[in-house]
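K.L.:
Got a structure for you, written out below as structure tokens; questions coming shortly.
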Amino acid sequence: MRVLHVSYCFYPDPVGGTEVYVEALAQEMQKLGLEVAVAAPAQRETHYSHKGLPVWRYAVSPTPQDLRELYGAGDVRAAQSFLRVLEESKPGIVHLHALTRGVSLAMVRQVKRLAIPVVFTYHTPTVSCQRGTLMRWGTEVCEGLLELTSCTCCTLQGLGLPRAMALLIGRTPVALGTLLGSLHCSGGAWTALRMRALVRLRHATFRDFMAEADHIVALCKWAQALLVRNGIPRDKITLSPHGLPHQPPRIQEAEADQLQASQVHTASEAIRVVYLGRLSPEKGLDVLVQALRALPGAPVELHVYGIDQGGAYAEQVRKLAAEDPRITYHSPVPRERVIPLLSRYDLLAVPSRCVETGPQVVLEAFAAGIPVMGSNLGGIAELVENGVNGLLIEPDDIPAWIRQLRSLLEEPGLLKRLREGVRPPRKMREVAQEMIELYRNLLRRAA
């Protein structure tokens, strides 16, 4: 069986959690005897090997020709280039991990014309939510139902319009937006006036994409519920939660790290909190920093291993932390060093303010044997059992984060109890086995 995984980007480019997942899944499938390759859009066509995985990069246009390309069937050049990948790699299954102009509806239709089964994994809310976070107005969890007016207004407010203006412009007739599109009007007010037509196009693209896919994989329960809510048959969806994307460290290495952790903890007499992730607003590091600053002198250390992508937010968070000697910034660490690193700390903080299917760092924390203090949202809430293997806190609620930090300091044995509640996470090998069985079923039906 030949499988081609298609992701938004791939190594050696900067990658996110989806690409870490794709790499780990593909490698596990190789170990189980499958022929596996990866494809992803790039500036030009190329073919190389990454850690034993054949990688095909197909060409995508540098910039979209029109906004409809972003919201609709996708980039024509990418679809044509991807067809050459299909002809050369000859997969029996194509497994897509994104829905963008470079991993598009046009590409899926090409695959289906070749009678190759298509599987799609829903990794992030950007697949169905134009705002990208599944947070209505940026503050409340959305159920994800695709409804034209509410989605348009929320998108406009997310782009910077005041809510009242977004509610007004979000009701602009679709016919006007379509006319402006035909005249190639874009940017600023023109884009705002076109947004209702663009969101309608995006909704249609999403529904057509889901209809073309032979099967859909949901990584968590909320994603499965969202898909069903939007009319996708339940029997077309497989719930397959995340697996740990790499092997835990050797016992000897883990024991050495744990010893170091206990020595550091005894010396400092402080609770050592660690944050790993992007320095971006949706990850909510500012919430954690402000909560700690509200407890001056409290014996808590925060160590930030942040991926700084530049911009005002990263600078803002660094300024917030600059005057507090308990907060230390470090460079990001290689993925294979994450679990040994986490085992040196008392708990992981995940203060996200967006709905996620992961994040994978929660699994890595459990593999390291430490509890998680995280937002009561999405995949975090499905992985963390409040009071058992971690603490769940309402997102963006700084007073609640302050109270939980206090409870860790004031309740004897709470941290020890949470650590004892941590269990080893599911492995990527289990995910690979589930996917292989899914592929076999699809191929049997297609035969």
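The values are calculated or read from the model by the stated rules, or taken from the named source; none is laboratory data. Owing to the predicted nature of the structure, the values given are computational and were not obtained by experimental measurement. Note that each Cβ is placed from the backbone with ideal geometry, even for glycine, and that neighbours are counted across all protein chains shown. Ligands, DNA and RNA are excluded from the accessible area calculation, which covers all protein heavy atoms including side chains. Shrake-Rupley method; radii C 1.70, N 1.55, O 1.52, S 1.80 Å.
K.L.:
For segment 366-424, what is one quarter of the convex hull surface built on the Cα atoms, given in nm²?
P.N.:
About 3.8 nm², averaged over all directions.
K.L.:
Just the number, please: percent antiparallel of the DSSP beta bridges in the chain, rounded to the nearest 5.
P.N.:
15
K.L.:
Per residue, how big is the convex hull around the C-alpha atoms of segment 78-144? Give it to me in cubic angstrom, could you?
P.N.:
About 82 Å³ per residue, rounded to a whole number.
K.L.:
Still on this model: In segment 36-179, what % of DSSP beta bridges are antiparallel (nearest 5)?
P.N.:
So the antiparallel bridges amount to about 45 percent of the total.
K.L.:
Once fully extended, how much extra length lies between residue 394 and residue 184, figured as 0.36 nm per residue of separation less the alpha-carbon to alpha-carbon distance?
P.N.:
71.3 nm
K.L.:
While we're here: Counting only Cα, what are the radius of gyration and maximum Cα-Cα distance Dmax of segment 297-439, in Å?
P.N.:
16.3, 56
K.L.:
Next question. Say R0 is 30 Å: what FRET efficiency, to the nearest 0.05, do residue 174 and residue 137 get from their beta-carbon distance?
P.N.:
According to the calculation, E is roughly 0.85.
K.L.:
If you roll a 1.4 angstrom probe over the protein chains with everything in place, what fraction of the accessible area of segment 1-137 belongs to carbon and sulfur, to the nearest %?
P.N.:
Exposed carbon and sulfur together represent 52 percent of the surface.
K.L.:
Students often check this: by mean Cβ neighbours within 10 Å, which of 235-241, 34-40, 56-62 ranks highest, and how do the rest follow?
P.N.:
Output ranking for 235-241, 34-40, 56-62: 34-40, 56-62, 235-241.
K.L.:
While we're on this one: Quick one: Karplus J couplings for segment 293-304, per residue in order, coefficients 6.51, -1.76, 1.60, θ = phi - 60°, nearest Hz, x for Gly and Pro?
P.N.:
Per-residue couplings from phi come out as 5, 6, 10, x, x, 5, x, 10, 10, 10, 10, 9 Hz.
K.L.:
Apply the Debye scattering formula to the chain, with a single equal point scatterer on each alpha-carbon and no solvent, then give log10 I(q)/I(0) at q = 0.10 Å⁻¹.
P.N.:
-0.77
K.L.:
Kindly give Rg over Rh for segment 142-229, based on alpha-carbon atoms, with the Kirkwood expression for the hydrodynamic radius.
P.N.:
1.04
K.L.:
What accessible area, in Å² to the nearest ten, does a 1.4 Å probe give for residue 112?
P.N.:
About 60 Å², ignoring ligands and nucleic acids.
K.L.:
Also, I was wondering about something else. Find the accessible area per residue for segment 114-186; the probe is 1.4 Å, ligands and nucleic acids are left out, and the unit is Å².
P.N.:
The answer is 47 Å² per residue.
K.L.:
Using a Förster radius of 51 Å, what is the FRET efficiency between residue 221 and residue 315 based on their Cβ-Cβ separation? Nearest 0.05, please.
P.N.:
Rounded to the nearest 0.05, the efficiency is 0.90.
K.L.:
Counting only other residues whose beta carbon sits under 15 Å from that of residue 212, what net charge do I get with K and R as +1, D and E as -1?
P.N.:
+3
K.L.:
Mind jotting down the distance between the C-alpha centroids of segment 323-343 and segment 25-104, whole Å?
P.N.:
Cα centres, segment 25-104 to segment 323-343: 33 Å.
K.L.:
Next up: Let me spell out the model: positive unit charges on the Cβ of Lys and Arg, negative unit charges on the Cβ of Asp and Glu, origin at the Cα centre of the chain. What dipole size does that give, in debye rounded to 20?
P.N.:
Dipole size: approximately 1200 debye.
K.L.:
With every protein chain kept in place and ligands, DNA and RNA left out, what is the accessible area per residue of segment 318-408? Probe 1.4 Å, answer in Å².
P.N.:
Per residue, segment 318-408 has 35 Å² of solvent-accessible surface.
K.L.:
Do the sum for the chain: with -39,500 (n - 2.57) for every DSSP H run of n ≥ 4, divided by all residues, what is the mean residue ellipticity at 222 nm, to the nearest 500 deg cm²/dmol?
P.N.:
Only helices count here, giving -13500 deg cm²/dmol.
K.L.:
So, with a 1.4 angstrom probe, what is the percent of accessible area on segment 266-359 that is carbon and sulfur?
P.N.:
52
K.L.:
Subtracting the Cα-Cα distance from 0.36 nm times the residue separation, let me have the gained length for residue 2 to residue 211 in nm, one decimal.
P.N.:
72.9 nm
K.L.:
Which value in nm describes the separation of the simple spin-label points at residue 329 and residue 204, placed 7 Å from the Cα toward the beta carbon?
P.N.:
Output for this residue pair reads 4.6 nm.
K.L.:
For segment 136-152, just list the computed ³J(HN,Hα) in residue order, Karplus coefficients 6.51, -1.76 and 1.60, θ = phi - 60°, integers in Hz, with x standing in for Gly and Pro.
P.N.:
Ordered by residue, 3J(HN,Hα) equals 5, 6, x, 10, 10, 5, 9, 6, x, 6, 6, 10, 4, 5, 5, 5, 5 Hz.
K.L.:
Hey, another quick one. Between the helical axis of 189-212 and the dominant principal axis of the chain, each derived from Cα atoms, what acute angle in degrees is found, rounded to the nearest 10?
P.N.:
That works out to roughly 90 degrees.
K.L.:
How fast does segment 5-87 diffuse by Stokes-Einstein, in µm²/s, taking the Kirkwood radius from C-alpha pairs at 20 °C and 1.002 mPa s?
P.N.:
158
K.L.:
If amide hydrogens are placed 1.01 Å from N in the peptide plane, which non-local residues have theirs closer than 5 Å to the one on residue 272?
P.N.:
Sorted by chain and number, the residues that satisfy this are 301, 346, 347.
K.L.:
Could you compute the FRET efficiency for residue 447 and residue 65, with r as their C-beta to C-beta distance and R0 at 41 Å, rounded to 0.05?
P.N.:
Efficiency at R0 = 41 Å is approximately 0.55.
K.L.:
For the chain, modelled as a GNM with alpha-carbon contacts under 10 angstrom, which of 181, 17, 231 fluctuates the most?
P.N.:
Checking each option, the largest mean-square fluctuation is seen for 231.
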